[in-house]
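Throughout, read-outs are computed from the coordinates displayed, never taken from laboratory work. Given the structure is predicted, the values throughout are model-derived calculations rather than measurements. Because the Cβ atoms are built from the backbone with ideal geometry, glycine has one as well, and the counts that use them run over all protein chains shown.
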Amino acid sequence: MIIRIGNLIIKELIQFRRDRMLSVFILLAPALQLILMAQNVERGITEQPVVILDQDHGRLSRQLVVNLDNTEELNIVHHVQSMEQVRNLMDQGDARLAVVIPAGFTQGLTGFHSPQQKVRSVAPIQVGIIADGTNTLAASTTLGAATGAVGRLIADLATSYGLVSAEFVDFRTDIRFNPTMDFRDFSVPAQLGFITYQVTLALASLGLARERELGTLEQLMVTPLRRLELALGKGIPALAIGSLNFAIMWAISLLVLQVPMNGSVFLLAALTLLFVATVVSWGMVISAISRTQQQAILFVFILAMMEIAFSGFMVPVKNMPSFLQLFSRFAPLQHYLVIIRGIMLKGAGLRELWPQAIALVALSIVMGVVSLHIVGQRRS
Amino acid sequence: MSPRRMAAIVRKEMLHIVRDPRNLFLVAFSPALLLFLLSYVFSFDVGQISMAALDLDHSALSRAYLANLTSDQDLQLVIRLREYTEAVPLLKGGDVDAVLIIPPDFSERIQSGKPARVQAVVDGADPFAGSQALMVLEARSKVFVARASMTARAQMVPWVEMRTVVWYNAGLESLLSMVPGLLAIVLIMPSMAMALALTREKETGTLEGLVATPVLGLEYLSGKLLAYIIAGLVSAVLALLVAVLWFRVPFRGSLLVYLLLTGVYLMACMGAAIVIANFVRSQQTAMFVVMLVFLVPSFFLAGLITPIGTESLGALLTSYTLPTTHFVEIGRGIFLKGLGVESLLRPTLILLGMGIGAMAIGLGLFQKKIG
């Protein structure tokens, strides 16, 4: 039995090596893609273009503009004279935030004479902030930054009147797990997971479908191979290539992209193997139920897009409605992203990650059994 | 080039698409289905920060402070802690984005005019949630404490009030922003189908039959392209119906302009598909290349979730070479901003250039030969 499986594996590997384009692509492209994407994913949302409509031209309006420009998130690129110009720049996407400072801004804030004069209630002075809502993440970031800049102006003003001491609030922050809040450290592990997922699924899902389409499956059937052997012989090469791919990319993310590795390498390796095995099982099921490669590819695409959507990368799972949360529990990628981020960034161990680990074990067993069953059934 | 021969190719391809239910599904129906499935993930609101609080002060002021922080939907207080040791496991398990600690002397220090102390422990592993949490907490704390300490001393300075307006998507609903963007991703499917069709002819040997006909390379490729663009437009209309009728995303621009620019986008993607198909022999490889070159980068680099990078030239270039980036901009521009073609000239011309360039390269590489 071992020999027969071994022979099938050798056949698969030879076939893989002979499709030069495929083998080059599978071994090199994922690593290149990881580097390219990681280099180009921003470190955060920074330097968003802002347009200013200053109708005041006073000392404090200029101060507010400086405060806005000093934030990391905002970059003032335009000063305009009219709302039409604001509208134009926002339409074109050349500005993502507009700040409108009304005439009388400085006057209103400094109009009363001495700070000793007690002022109990004064009408607030309004500043208009307009955000571009077409990208909600950018909008909430720019709005937050603008709020901060206005807050600083108020605080400075209050301090200059001696109403509060300069350090009126001692706001201490303690950022855990990723102290510089580097977006790259956050996204590289996710990209690692995505790419490994795709490579493995693409490899595992077409094997049987292709043999069936080209008619070579019949030849395999007249050999003494049993169904378990066929499934293992097809699955193991995909598992091996998928894991190899992961190892290469993992090394690149540590050495080239400088992503920290705070947890146990052994745990990560073990759970990655489980993850890849689950994906291989999914792939084998697709392969067994598709009659042509095209059909298999269709399934792969739909599955891959759904996995990416449910992975929690774009939308945190805890923000999803409950029926979607339920769905996402069946997506191995979602559990895996929690695991890989937990281990690499937070140094988490099994004590924190046991729910995800159990989910992966359960998914891999169920999918493994299902795929063995289906691959066997479809032989005739 | 004979229009008659090209028309014959278009007809042949159309029959191919229509007669094979799987292919028909892939080309015409899968974008609508995928849009439907993907959009559901975004059909509720993102950006809420969940927080735990450890209030050691237990005063009216500290309660007012917490109430002030969580007065709107941005910040949600999910759990009140009793001791500090509870904080770290919560953060490690990802249950909250931040933990706020109010020390026992919080209100006393404010009343006596000393700087108040608060501490926030933030999960930096998710930088978006983390920095959002930090920004919101810090800004609101400053404003609250400044007002509280002035009230304590019965003095006020004039206040600045921010009047915030969000244009194009007044409620900052992520669904409205994502659906026009996701359309660009799901409309990769027709191009994928075309790459598969091109490689399948090689793999199953039917290209040989075509080689023996008088059809020229140009006629073959442009006929195929035309057929798939038409089919792609049908799929775009179906997906558009899902967006407008099911998800009720406002469509503020002109339908004609949108379809025209969708055609340009499909041409750019399909041009790339022709180039890819030239180099690969099997459908498996074609799928793999399309996934790696188009699909995954589109999720990360096309400005769908985070705005495209402006930090470095490399980032800008990578994003700009992806056709998806430009169509995300076009989609949001037409759907949400109601822009006409004159305001979308830049992305349109880039896509047009890409399409024509890729077609020229694809044609130059294509050889009507066997082996």
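Treating r as the C-beta distance of A:I2 and B:L210 and R0 as 60 Å, the FRET efficiency rounds to 0.80.
Calculated mean residue ellipticity, 222 nm, chain B: -18500 deg cm²/dmol, from DSSP H runs (n ≥ 4) at -39500 (n - 2.57) each, averaged per residue and rounded to 500.
Along the charge dipole of the protein assembly as shown, Cβ charges K/R +1 and D/E -1, which of B:M194, A:V86, A:V259 sits furthest on the positive end? Going by the charge dipole, the pick is B:M194. Working note: 222 nm ellipticity from helices only, DSSP H runs with n ≥ 4, each -39,500 (n - 2.57), summed and divided by the residues of chain A, gives -22000 deg cm²/dmol to the nearest 500. The label-point distance for A:Q258 and A:A240, in a model that sets each label 7 Å from Cα toward Cβ, rounds to 3.7 nm. In the elastic network of chain B, a GNM with C-alpha springs shorter than 10 Å, the most mobile of B:L260, B:L336, B:L183 is B:L260.
Mean separation of Cα pairs under 8 Å and 6 or more residues apart, divided by the residue count, gives chain A a relative contact order of 19 percent. Working from Cα pairs under 8 Å separated by at least six residues, relative contact order for chain B is 22 percent.
Taking label positions 7 Å along the Cα-Cβ direction at both A:F330 and A:A269, the computed distance is 3.4 nm, reported to one decimal.
Placing a label point 7 Å from the Cα of A:K11 along the Cα-to-Cβ direction, the residues of region A:282-297 whose backbone N falls under 17 Å from that point are A:288. Under the simplified labelling scheme, the B:R346-B:A170 pair shows an inter-label distance of 2.8 nm, with each label point 7 Å from Cα along Cα→Cβ.
Can you tell me how much longer the chain between A:M21 and A:V370 gets when fully stretched, taken as 0.36 nm per residue apart minus their C-alpha distance, in nm with one decimal?
122.5 nm
When chain B is treated as a GNM, springs tying every alpha-carbon pair under 10 Å, which of B:G94, B:G340, B:G331 comes out with the largest mean-square fluctuation? Answer for the Gaussian network model of chain B: B:G94. Each residue of region B:295-301 was assigned a 3J(HN,Hα) from its phi angle through the Karplus expression (A = 6.51, B = -1.76, C = 1.60, θ = phi - 60°), giving 5, 5, x, 4, 5, 9, 10 Hz with x at Gly and Pro. For region B:201-325, the Cβ-based charge dipole about the Cα centre amounts to some 320 debye (Lys, Arg positive; Asp, Glu negative; other atoms uncharged).
If R0 is taken as 25 Å, the Cβ-Cβ distance between A:A362 and B:Q76 corresponds to a FRET efficiency of 0.20.
Residues of region B:341-367 with an amide N closer than 19 Å to a point placed 7 Å from the Cα of A:R87 along the Cα-to-Cβ direction: B:341-345.
Separation of region B:276-341 and region A:265-284, taken as the distance between their Cα centroids, equals 29 angstrom. DSSP assigns beta bridges within the protein assembly as shown; of those with both partners inside it, close to 20 percent run antiparallel. Given a 10 angstrom Cα cut-off, can you work out which residue in A:V86, A:V188, A:V222 is the most mobile in a GNM of chain A? In the Gaussian network model the winner is A:V222.
Between the helical axis of A:183-214 and the longest alpha-carbon principal axis of chain A there is an angle of about 30 degrees.
Ratio of Rg to Rh for the protein assembly as shown: 1.03 [Cα atoms; Kirkwood radius as inverse mean 1/r over pairs].
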